[in-house]
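What follows is a short report on a single structure.
The values are calculated or read from the model by the stated rules, or taken from the named source; none is laboratory data. None of the values given here were measured: they were computed from a predicted structure. Heads up, the Cβs are rebuilt from the backbone with ideal geometry, glycines too, and the neighbour counts pull from every protein chain shown. Ligands, DNA and RNA are excluded from the accessible area calculation, which covers all protein heavy atoms including side chains. Shrake-Rupley method; radii C 1.70, N 1.55, O 1.52, S 1.80 Å.
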Amino acid sequence: PVDAVFAHWQASLGHHDAKLTPKRARLVKARLKDGYTVEQLKLAIEGCLASAFNMGANDNGSKYDDLALICRDGEHVERFLQMRRNPRPLPL
């Protein structure tokens, strides 16, 4: 399951050269242990992609899309799931 979540994050957010670090694996495992499903974690990743702020529309133009951020805790997962349901488009 961790590999499936990681592969979805790599493909969805274009981090093709990223590695499954111990920290990323630990956080994904922790969220799975909390009861989130692989599908929910994949949707949270897509929620990050739907967030203009996380995709760089912020004061410093930085992307905040690391898997460790998305899976930091249940609150982050739930926030990104909500963003997936109600995307905030990039400003024109």
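Can you tell me which residue within region 58-73, out of those that are part of a loop (DSSP other than H, G, I, E, B) and under 20 Å from GLN40 (Cα atoms), is farthest from the chain's Cα centre (by Cα)?
Of the residues in region 58-73, the ones part of a loop (DSSP other than H, G, I, E, B) are 58-66, 71-73.
This time we only want the ones that are under 20 Å from GLN40 (Cα atoms), so: 64-66, 71-73.
Details: TYR64: 9, ASP65: 6, ASP66: 6, CYS71: 7, ARG72: 9, ASP73: 11 Å.
Filtering region 58-73 for residues that are part of a loop (DSSP other than H, G, I, E, B) and under 20 Å from GLN40 (Cα atoms), the one farthest from the chain's Cα centre (by Cα) comes out as ASP73.
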Result of the Cβ filter at 6 Å on region 1-20, keeping first residues that are under 17 Å from PHE80 (Cβ atoms) and partners that are loosely packed, with under 12 Cβ neighbours inside 10 Å, at least 6 apart or interchain, is GLN10/HIS16
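Go through region 1-57 and count every residue that is assigned to a helix (DSSP H, G or I) and either among the aliphatic types (A, V, I, L, M) or open to solvent by less than 70 Å² (accessible area, probe 1.4 Å) (or both).
Filtering region 1-57 for residues assigned to a helix (DSSP H, G or I) gives 2-13, 22-34, 38-49.
Narrowing further to those that are either among the aliphatic types (A, V, I, L, M) or open to solvent by less than 70 Å² (accessible area, probe 1.4 Å) (or both): 2, 4-13, 24-25, 27-28, 30-32, 38, 40-49.
Summing the residues that are assigned to a helix (DSSP H, G or I) and either among the aliphatic types (A, V, I, L, M) or open to solvent by less than 70 Å² (accessible area, probe 1.4 Å) (or both) in region 1-57 gives 29.
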